[in-house]
Structure formats: structure tokens, C-alpha cells
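Here the structure comes first, spelled out in C-alpha cells, and everything after it is commentary.
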Amino acid sequence: MLELKNVSKFYYGKDTVASGFTKINLKLNMGEFVVITGESGSGKSTLLNVLSGLDTYEEGEMYINGEETSGYSETDFENYRKKYIGNIFQSFNLVNSYTVYQNIELVLLINGYKKSEVKDKIIDVIKKIDLLKYKNTKVSKLSGGQKQRVAIARALVKDTPILVADEPTGNLDSKSAENIMQLLHEVSKDKLMVLVTHNYDQVEQYATRKITMHDGKMIEDKMMVPQNKEKEAENIEASKPMKIRNKIRLGIRNTFNILPKFLLLIAVYLVLCLAALGGYSSIKKQEYEKSKLGSNYYFKDTSDKRIIIKKKDESVIQKEDYDKIKTLPNIDKVIENDLLLDQMVSVHGDRYGFMARIENNETMPGKLDVGRMPENENEIILKVNRTYFSQRDIEESILNKDFVIRETNNYLEIFENKLKTVGIIFDEEKIDYMNMATIYLNSSKMEQVRRSMNTVSSKLEVEFNGHIIKINGQYRVVPNKKVPQGKVYAYEELNYMAKNNNCKNKPLTVKVQNRYYTDSITLKVEKTYNKRNAKQLLGLEEVNAYQMIFYINPDDYYSLFNKGIYQSSVFIEDEQKVQETLQELDKLGYQTLYVKDTLVDYSEGMASVMSNVTTMVVTVVVVAALFFLSYFIIKIILKSRNVYYTTIRILGATRRNAKQLLKIELLTVLNIVYVGIVLASVLIKNGIIEQEFIYSLLRYIHLADYAILYVGLVFISLLISNRYARQLFKKSVMNTYREEV
Ligand code: ADP
Ligand code: MG
């Protein structure tokens, strides 16, 4: 079964070489109960460790079932231990935080059994060692004799052909020792039992062979019973790899097993995760704040809460549309006439003039600071920014004064009547000329504003007898009440464009085009005017000979501009949820434009490149510092686990298994902490827990960011466990074990 030919073992120190044993020749067979005895330091344990593959040898050759082992790798020895060896130690080598059942189960799980097939086996063997009522007791609570019984059960349950025991009774009183020896004898029938003891009397009655060591040499090899003919072990099952489910099971068991260790790891991970999350979110916040800077040529209101919408089919947006939009989540308000956001009007009083924005009075904030609410069509509320208007301005020149409102391109009056300011709201918003003053108007007044905005932002064209006349400074279309509906009064010059030099009663089409729509109206030229009849026909004092003006009825004129709304702005509550809102609007059939995305930061350049580099460097340094800090703390915490990991390797776990268990343990802690943190942030984000500061940071972190962060933390955990495992497992099992115990 096992054969040693001239085998020697040396221990190499820094500058010394010690001899464990020298030139041993030995052949061990199945069915033997071999007792190795000798004084302390004579090399018994060393020999046993080499025999059981826990330690390497330097000279000679060891054969296992006739196979040479001098070329064995670490993995080959792992397999050998797994398949052939059951170990029993003087110091028991149990996992103290496990129960009796779990200790025995451990060896089976490591050796590739399924959870479902181990239960009966374990109970059987616990009965055999007579500890059934301690099944669920932690082994740390057992007496020495009981512990050794558990260790024997653990060696037995694997059902290997060879059992090795190193001073199994060394820590026991003589009564328990006797019991243990008897048990060992019982269970070792048909196996090869190799037992080390310095107290030969205790085992004499069971031994079939006695080997005596002295000073590293074998000085006696005595057979007590006639040697059976050589017999090799039969039916040795190929070793099975550990099941993944059992790795996870054990990894998780180990996580919670030792409470102080678990809590310490949780604390370290909590700090690690919070530091990572905090750093990450403040970078995101900074980035976001930076992206808000900048300006854009088209839009004056560049708020990061503004989304511009148009219907995909380019039709007019109806009231039902607005109602639907308002039911979406994250909608603060809808500014139906979007043009008003980017265009100001000029407000002219007798003594005072200023620029203002127009808004629908539905969006008017809370309560008045001065004055009263409007009582008729021509009374308005004004919101003013304190930085632009003094108390005196307001009292002397604004409140209860009449104003004319003009659009800013052509200074055309928007309303027929003057408007009187009867109420004032003070506004403390940041200094921004767009927010200097806001006039609140009712819907019908808003329509008039829109019409006038359309008027100034449209291009007109007149088509007459195949001629296309672009309306500009020289050619104009002007409303005049004296012209009947459906008719045009044209300058007599138009005759030159007509057939037979007569334009009367010919059709004339006025076309309008702007960003939102095109439209046209076809009228009939009824009369022509000239210098002489202009006064009588149209009420004009004079006629400019260089202009050709088409006078048409005001209703016809305004029908070209009095249109519904084609473009509106939606203001959202939380700019961090803009993507969701954009999608919802898209689903409802709108083209969307998020105004912030159109901003160009003209200040970008060297300065911002520098600040990006700085951020990067700082991030890398912080991540590295976090990594090493957590590595060292975790290493210290895990130090107490070294015994555990060596023990499971003695029991047959491969180096890889041990590493994986360690990974699972760390990842479990990470997951617990991370789930906790994510839960807490969900609660804070939804306002269930109120935490202003954390909320302000979390706003900038999205689902994807949590995922990135998670991957990063997993990566760090794997790195830590790899480093740790490399250090712990680079030596042979016995070397590690010797250092730790
Ligand atoms: P025993 O088990 O019979 O008491 P050991 O096998 O433990 O003896 O030791 C045999 C010899 O090997 C002793 O001289 C001991 O000093 C030496 N030895 C054992 N372990 C080591 C070690 N890790 N490093 C150096 N020398 C060792
Ligand atoms: Mg010893």
C-alpha cells in the first residue's frame, strides 16, 4: 500500500538545515495497525506527515499503491489526501465555531458529497462515537475526549483506506484515552491504521506492528502478528470535486459563524462602501453642476428642468394633450406657449419702462406681497425681482400705473388697451435678466400674445398672377378695418403684374410660414389705391411711393397668426429623472428637446482639462488608499481564520476550494452591506427617511452608477481575497499549519 525507500526529510531554516528523519525504508499494508513510537523529537510526527502527504520529503522515494510520488505536484498530493487519508490529531483540529454535526458534514462537503446524501452517514457515524445527544452542540463546549471522538468520526466518515493519528490521546486523561484507543481499534478494521504515540503501553493490545524511532532513524520494526500477504486497497472511488452549492453553503455559514469577526468585517465594508459611494456621488454632483454652465443661442430659459415638446405629427397641441402630460410623474408645470419663455416684451409706462416675461396666470405663485387681485381684463399681476426694482420704484411708478406692452422686434403693441398693474409678487430668485419681471395674463390675453409672437416670427409671401412677392421692408401686408373680409386693397402698381394691366377681381394668395406651421388665405383684389384716394379708401394720411402695401381685413390677417400651440415647454420636478420623463413624453407622441443638452460651455479649455486630470489622480489615489487600508484591516481580521483554512485543506479541500470559500465569505459580507446601503438610499431618495445632505448627494446617482460601484467593490473584494489566499496558501499545508498553531 505505502512504501518508503531511503526517504529523508530535512527542515530548511534561514541558515540551518535540521533533519526530520533520515533513510527510512518501510512497507505498510492494508489491515495493519501500525504504532510508531519513540521519544519526543525522534521524528514520529514528521514521518506521519510525509506518509499522509501533508509534508514533502527531500530524498528517496515514496510509493503509493506502487506509484512513485517524487514527481507529485501540490494538486497530486491534494488528491492523494482526499482519496486515501483520514487524519486525527493530538489537538483535534476541529472547527470550534461549528457544531458536531457541521464538523463532520464539513469533510463530506469538501470531498464532493451532495448535501442530500450526507445526512444519514453523519448520523450513523455520530452514533458510532456515541455523541448523538451533542449533535447540535458547538465543539468548543465539548470535553477533550469528546472532541477527539468527533475528530475520529470526521476521519471515519470520509471512508478512506488509511487512517493516520498523531498522539490522539496526548491531551486526554487515561480513562478517555483508553476509550479513544478502543474506538480507533474498532473503526480501523480492514484499513491501514498508522498511529503515533510516545506511550506504547496504551496501544500494545491493539498493535499489529511496532516501529520505534530514535533521533530521526528507525531502530525497530516488529511484527506482532504474522503479516498477511500484501494487499492493496480496493474500490477507491475517484475523488469528487466540491459541489458549487456546498461551497456557497459553507462560505455563507462561515460568514456568520463567528459573530465578532462578522461584525468587524461588516464595519470595514460599511466604511469602504460609504467612502466609495460618497466619493463617487460627489464627483457626479460636480460633473453635473459643471454641465449646467454654458449658454445657447436659441433659448433664453436654459433651466435644467425644461423640456421642449412638439407633437410628432406636427399638429396643434390640444387641451387633452396637456391634461395627459400633467398626469405624468415628475411634471412640475407646463408652459403652453413656449415662445414666451425665450422672448421678452417691453413694458412702457408714463415714467417707467422695463423688460418682462409673460406667463399664464395659472402658473402664478402663491400670494401677493402688495396690492390686490385683478378685477377686470385689463388689470394684471406683476412679479418683480428685488435686485432690479426698489421699493420706491414699485410704489411710485409701477403699482396702479398703466402700461403699454410691445413685442421687442417691431415694437408693435400687443394689446389694444393699456394694462394696469394692481398686484405685486416679490421674487428672490438669482440675478438673471430673464427673471427681472414677469407679467401674469389670463388665457385670452395669452392668445393675443401668441398671435403677436407668431406675427413677428413668421415669413409672409404674396402670390399674384404667378408672381411670388416676398414680404419684407418694401412689400408689406397690413391689416386695415376699412377693407372688407375676403378682399385686398392693393397699390395701383400691382396692375403691372396683372394680365392686361388690370389687377382688379384677380385672386391673390397670402402665405404664412414659421417654425411651426404653414398656412395661406386666398383673397380677391377689390380696389387699388394711390396717393389721391388713400385717405378716402383706407384713412391713410400719406402713401410711401417706394412701398407696395397690401391692405387686408384684420380678421383675415389675424386668421393667419391666430393659431393653436405647436410647441410647449414641460418643467420637471427632479432633473435627475429627466430620462424617464423624456421617454414618457416620447411614448405619448412628442418630439422632445432637453434644453440643458443644447448648452455649450464656452469656458471649456485648458482649465477644465486640468481639473479633469486632477479629479482622475485624486480618484486613483483614493481608490488605492481605500484598497490597501481595507486589505490590511481585513487581513488582520482574517488572521484568525488561518487555522480554519489549513484545517479544511488537511481534510481534503484544495487550495482553490479554500480560496473560493474565502471569496464567498467576503462577497457575502459585501452583498449584505451593499443591499443595506441601497435600501437606505432608496428610503432616503423617496423621502421615507429624511436626510438632507445624503439626499443631495444621492440625487446624482442612478441605477447604472450603483451597478458600476458594485462591480468595483466586487473587484476590490476579489483582489483582497486573492492576495490573502496567495500569502496564506503559498506554503505546503504543514508549513502554514506550523506557523499558525
Ligand atoms: P516527534 O513528533 O517525534 O516529537 P518531530 O517529528 O516533531 O518529532 O520532530 C523531529 C525533528 O525535526 C526534531 O528534531 C525537530 O526539532 C525537527 N523539526 C520538526 N519540525 C520542524 C520544523 N518545522 N522546522 C525545523 N525543524 C523541525
Ligand atoms: Mg510529534
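Data for the structure
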{"item": "Nonlocal amide H pairs with residue 370, under 5 Å, H built at 1.01 Å", "result": "424"}
{"item": "Extension gain (nm, one decimal) between residue 390 and residue 135, 0.36 nm per residue minus Cα-Cα", "result": "83.1 nm"}
{"item": "Hydrodynamic radius by Kirkwood, which averages 1/r over all alpha carbon pairs of the stretch 459-559, in angstrom", "result": "13.6"}
{"item": "Among 181, 51, 207 the positive-end extreme of the charge dipole of the stretch 2-239 (Cβ point charges)", "result": "181"}
{"item": "Scattering curve values for the stretch 339-453, log₁₀ I(q)/I(0), Debye with Cα scatterers, q = 0.22 Å⁻¹", "result": "-1.40"}
{"item": "Over the stretch 1-149, relative contact order from alpha-carbon pairs under 8 Å, at least 6 apart, %", "result": "20"}
{"item": "Residue 481-residue 327 FRET efficiency (beta carbon distance; Förster radius 56 Å; 0.05 resolution)", "result": "0.80"}
{"item": "Straight-distance crosslink candidates among aspartates and glutamates, where the alpha carbon sits under 19 Å from residue 312 and sequence neighbours closer than 8 are dropped", "result": "320, 321, 323, 336, 338, 519, 580, 584, 586"}
{"item": "Cα gyration tensor shape for the stretch 606-728, rounded if a/c is under 1.5, else prolate or oblate", "result": "oblate"}
{"item": "Hydrodynamic radius by Kirkwood, which averages 1/r over all alpha carbon pairs of the stretch 87-244, in angstrom", "result": "16.8"}
{"item": "Which listed pairs, of 333/401; 82/659; 367/445; 121/261, have C-alpha distances above 24 Å, in listed order", "result": "333/401; 121/261"}
{"item": "Near-label residues of the stretch 443-462 by backbone N, under 20 Å of a point 7 Å along Cα→Cβ of residue 314", "result": "454-462"}
{"item": "Residue 263-residue 117 pseudo-label distance in nm [points 7 Å out on the Cα-to-Cβ vector]", "result": "4.2"}
{"item": "Computed over the chain: relative contact order in percent, which uses C-alpha pairs under 8 Å that are six or more apart", "result": "16"}
{"item": "At 1.567 mPa s and 4 °C, Stokes D of the stretch 513-593 from Kirkwood alpha-carbon radius, µm² per second", "result": "74"}
{"item": "The stretch 460-514-the stretch 379-450 distance, computed between alpha-carbon centres (Å)", "result": "37"}
{"item": "The stretch 518-532 - phi-based ³J(HN,Hα) in whole Hz, Karplus 6.51/-1.76/1.60, Gly and Pro as x", "result": "10, 7, 8, 9, 9, 10, 10, 6, 9, 9, 10, 10, 8, 4, 7"}
{"item": "Global form of the stretch 131-199, assessed from the alpha-carbon gyration tensor, a/c cut-off 1.5", "result": "oblate"}
{"item": "Bins of 10 Å, starting at 0 and running to the largest distance - Cα pair percent for the stretch 1-66", "result": "20, 55, 22, 4, 0"}
{"item": "Rh by Kirkwood over Cα pairs, then Stokes-Einstein D for the chain at 0.692 mPa s and 37 °C, µm²/s", "result": "94"}
{"item": "Contact order normalised by residue count of the stretch 339-453, Cα under 8 Å, 6+ apart, percent", "result": "39"}
{"item": "Near-label residues of the stretch 158-174 by backbone N, under 18 Å of a point 7 Å along Cα→Cβ of residue 198", "result": "165-174"}
{"item": "DSSP bridge orientation in the chain - percent antiparallel, rounded to nearest 5", "result": "65"}
{"item": "Within the stretch 485-570, GluC sites (Glu not before Pro) in DSSP loop having at most 12 other beta-carbon neighbours inside 10 Å", "result": "541, 542"}
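Values in this text are rule-based calculations from the coordinates and carry no lab data. As the structure is a prediction and not an experimental result, all values here were calculated from the model. Cβ coordinates were reconstructed from backbone atoms using ideal geometry, including for glycine residues, and neighbour counts include every protein chain displayed.
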